[in-house]
Amino acid sequence: MEGLEGFALRLILELYKASGLPVGEGYKPSTFYYARRGWRREDVGVYRRGLELRGCVRINRVYLDDGAGEVEADVLSESGERWYKVKLIIPLDFECNCPWSSRRFNPCKHVYATTLRVLEDAGVNIGDGILELLVYEGLNRVAYHKARAASAMV
Ligand SMILES: [Zn+2]
């Protein structure tokens with residue numbers, strides 16, 4: 001799709017930047033990089049299911065202009081019964097309208113699926129361990145800061 005490679009490059013830079021964001025005590029330190037072979041932790045399970053779901057992502061729109069960008073995609077639910085709407089946003093942010101996401105700030109499997117699909121379609125090796133770490137930490141640290149900002153407003 002037009003503009004996908006440019007978006008993917010920008011997305012990797014954003015993930016790199018976000019994966020270095022400071023986090024406090026509320027952040028569960030990730031053992032993802034070391035634990036991924038066992039796929040035991042629940043949050044790692046979400047990543048793994050996103051990886052499996054990436055074939056069920058329909059990218060509808062790619063937009064990138066200077067400092068702002070967006071990918072809009074539909075992702076088929078695991079049951080195959082409905083499509084969820086996912087947005088990847090630059091500066092780095094994400095949205096999904098699935099029920100799991102309505103209760104959490106963390107990236108859901110549809111967000112992981114869309115992220116990995118965009119990168120893969122742009123020719124990026126998504127099996128690279130460093131890239132996996134950037135995707136996982138980048139999205140989760142953004143989620144951490146969104147949760148912190150939301151709780152500060154209460
Ligand atoms: Zn979702």
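Where a number appears in this text, it was derived from the coordinates with a stated rule and is not lab data. Just so it is clear, the model here is predicted, and its values are computed rather than measured. No Cβ is skipped: glycine too gets one built from the backbone with ideal geometry, and neighbour counts run over all protein chains shown.
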Would you confirm whether any residue within segment 102-111 is of a type outside the set (S, T, N, Q), touching a helix residue (DSSP H, G or I) at 6+ places or on another chain (Cβ under 9 Å) and surrounded by fewer than 19 Cβ atoms within 10 Å (Cβ to Cβ)? yes
Arg148 fails exactly one of the following numbered conditions: (1) assigned to a helix (DSSP H, G or I); (2) buried (at least 16 other Cβ atoms within 10 Å of the Cβ); (3) not small (Gly, Ala, Ser). What is the number of that condition? (2)
Condition check for Asn97: away from the ligand (no atom under 15 Å from the Cβ), without any contact (Cβ under 8 Å) to a residue 40 or more places away in the chain and either over 20 Å from Leu21 (Cβ atoms) or surrounded by fewer than 20 Cβ atoms within 10 Å (Cβ to Cβ) (or both): no
Among residues of segment 77-124, those that are in a loop (DSSP other than H, G, I, E, B) and hydroxyl-bearing (Ser, Thr, Tyr), counted: 2
Arg117: basic (Lys, Arg) and either more than 16 Å from the ligand (Cβ to nearest atom) or buried (at least 16 other Cβ atoms within 10 Å of the Cβ) (or both), yes or no? yes
Out of curiosity, is Val86 among the β-branched types (Val, Ile, Thr) and in contact with a His (Cβ under 6 Å, 6 or more places away or on another chain)? yes
